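Q: First the structure, then my questions, so here it is.
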Amino acid sequence: MRLTISFIFSVWCVGVVWAQDRKPIPLAEQSYKPTGIRVATDLISLGKTFAGPAFKGWEVNADMDLRNYYPTIDIGSWAKNVPITNGSYANSGNYFRVGVDINLLGKDPDKNMFFIGFRYGRSFFHENLTFIDSSPNLFLPVTVHQTNAHVTGSWAELTTGLRVKVWKELWTGYTARIKFAPSEKNNSSAFAPYDMPGYGIVGRTPWWGFDYQIFWRFAWKKEKPAARK
């Protein structure tokens, strides 16, 4: 909890210092009309997928500018295979997150961002547990299979990160996450849910997350070039 508070305070301090260096936007230039949408994918998820059988997944992100506010949505898939003592655990499912990011850089013609934000996440998954029961009251060890077929869950996140334009409509950046307040509903109750797609290990809160993303922006309104002094 202390790490969470320190992280939030550090981000807030950096944001305040950065924002003080930005000039206020004249009212005549302020507009909530969106000018485009950015679509991204998380390169870390793709890298882990190709690295081996322990994780398979992908994530697609999108955001849209409303002045300094960026409504966001993330959609992803997640499957894990985890070895345990005398057995194995596996899960598979989908998740989404919705929220908003606040750009602390002010009006930037390239839509570069240093932001803080909030997310609400939902997960829908199933999981399987296989282990060898060697209880003393058994004549021979028995292989046990248990399944949670329909599990739903939710959580909240505080986020921060960067978005930087690198070429034409191409952006890159990262999102750091503090995930907290996980909850789940298990309809089969074979065992307590262990790993929630999109969140991670249910019994650990707060839980950290990090995405490295590459964006392409689809613009329907061109920004006026900034006046040179």
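Q: Spot the failing condition for PRO53; the list is (1) under 26 Å from TRP171 (Cα atoms); (2) not in a strand (DSSP E or B), and only one is missed.
A: Single failed check for PRO53: (1).
Q: Within the range 161-189, can you find the residues that are exposed (fewer than 15 other Cβ atoms within 10 Å of the Cβ) and closer than 30 Å to ASN128 by Cα?
A: Once the filter is applied, which keeps residues that are exposed (fewer than 15 other Cβ atoms within 10 Å of the Cβ) and closer than 30 Å to ASN128 by Cα, the range 161-189 yields ALA181, SER183, LYS185, ASN187, SER188, SER189.
Q: What residue, of PHE125, PHE114, is farther than 30 Å from THR143 by Cβ, at pLDDT 95 or above and either assigned to a strand (DSSP E or B) or touching a His at 6+ places or on another chain (Cβ under 6 Å) (or both)?
A: Only one candidate passes the filter, namely PHE114.
Q: Please determine, by comparing only the residues of the range 190-203 that are assigned to a loop (DSSP other than H, G, I, E, B) and surrounded by 13 or more Cβ atoms within 10 Å (Cβ to Cβ), which one is modelled with the lowest pLDDT.
A: ALA190
Q: Any idea which of LEU158, LEU162 is in a strand (DSSP E or B), in contact (Cβ under 8 Å) with a residue 60 or more places away in the chain and of a type in the set (A, V, I, L, M, F, W, C)?
A: That would be LEU158, the only listed residue that is in a strand (DSSP E or B), in contact (Cβ under 8 Å) with a residue 60 or more places away in the chain and of a type in the set (A, V, I, L, M, F, W, C).
Matching residues to (1) at pLDDT below 95; (2) within 21 Å of VAL39 (Cα to Cα); (3) touching an Asp or Glu at 6+ places or on another chain (Cβ under 9 Å); (4) surrounded by fewer than 16 Cβ atoms within 10 Å (Cβ to Cβ):
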site: PRO83; (1), (2), (3), (4): yes, no, no, yes
site: ARG97; (1), (2), (3), (4): no, yes, yes, no
site: GLY121; (1), (2), (3), (4): no, yes, yes, no
site: PRO141; (1), (2), (3), (4): yes, no, yes, yes
site: HIS145; (1), (2), (3), (4): yes, no, no, yes
site: ASN148; (1), (2), (3), (4): yes, no, yes, no
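The values are calculated or read from the model by the stated rules, or taken from the named source; none is laboratory data. Given the structure is predicted, the values throughout are model-derived calculations rather than measurements. A quick note on method: Cβ atoms are made from the backbone with ideal geometry, for glycine too, and the neighbour counts reach across all protein chains shown.
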